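Remarks on the structure that follows.
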Amino acid sequence: MKLSTCFILVVFASFSFVACKKSAADYANEANPAPEGDNISLGNFMRSSHDTRGTARVVTDTISGKKYLVFENFRTDNGPDLRVWMSRSTSASQSREVGKLTAVSGNFSYELTPDIDPLVFNHVLIWCEDFSVLFGYAILR
C-alpha cells in the first residue's frame with residue numbers, strides 16, 4: 001500500500017513539474033512583448049530551405065513613434081546562428097540585420113533601428129549566418 005501511494009505521488013509531482021516548465025518561446029514572449037500601435041505592413045512567412053511559418057508585421061508604437069518588427073505564431077527549424085534580416089528581396093545583398101533570432105517558435109518583437117525603412121526593406125529573412133542559407137522569408141505588404 002505504501003509503495004503504490006509513493007508511486008502515485010512521484011507520478012503526480014512529475015506531471016506537475018513538466019506542466020509548469022516554460023519553453024524558450026515563453027521567455028521570448030515575456031522579454032519582447034508585442035507593442036500596441038498601428039500596423040504599417042504585414043506578411044506571411046514562407047519556406048525557403050526549411051519549414052518556416054507564421055506572420056510578420058511592422059507596427060508603429062502610438063506613444064513613442066518607434067517601429068517594431070512583430071513575429072506572431074512563428075515557427076521555424078532550429079539552426080546555428082540564425083539571424084533576422086530585412087532586405088529588398090530574398091537575397092542577402094542589400095539587407096539590414098535586425099538581430100539574432102530570439103526563438104524558433106512563438107510571438108516576439110524587435111525594435112527597428114531608424115536606418116531600416118520597412119517600405120524599402122520589405123522582406124523579412126530568417127538567415128543562417130554560418131552556412132549562408134535562407135530558412136524562410138515573409139514579404140511585407
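The values are calculated or read from the model by the stated rules, or taken from the named source; none is laboratory data. The structure presented is a predicted model; accordingly, all values stated were derived computationally and were not measured. Quick reminder, even Gly has a Cβ in these numbers, built from the backbone with ideal geometry, and neighbours come from all protein chains shown.
Structural remarks
- Among the residues making up region 50-88, those that are out of contact with any Gly (no Cβ under 8 Å at 6 or more places or on another chain), among the polar types (S, T, N, Q) and more than 12 Å from V124 (Cβ to Cβ) are S64, N78.
- Filtering region 73-89 to residues that are among the charged types (D, E, K, R) and in contact with a Leu (Cβ under 8 Å, 6 or more places away or on another chain) leaves only R83.
Condition check ((1) within 15 Å of S49 (Cβ to Cβ); (2) modelled with pLDDT of 95 or more; (3) charged (D, E, K, R)) across all residues:
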residue: V70; (1), (2), (3): no, yes, no
residue: N78; (1), (2), (3): yes, yes, no
residue: S87; (1), (2), (3): no, yes, no
residue: S91; (1), (2), (3): yes, no, no
residue: Q94; (1), (2), (3): no, no, no
residue: S105; (1), (2), (3): no, yes, no
residue: S109; (1), (2), (3): no, yes, no
residue: V120; (1), (2), (3): no, yes, no
residue: L125; (1), (2), (3): yes, yes, no
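- Within region 49-106, the set of residues being buried (at least 20 other Cβ atoms within 10 Å of the Cβ) and either of a type in the set (K, R) or without any contact (Cβ under 8 Å) to a residue 12 or more places away in the chain (or both) comprises R57, K67.
- Residue count for region 107-128, restricted to those that are polar (S, T, N, Q) and either surrounded by fewer than 18 Cβ atoms within 10 Å (Cβ to Cβ) or touching a helix residue (DSSP H, G or I) at 6+ places or on another chain (Cβ under 9 Å) (or both): 2
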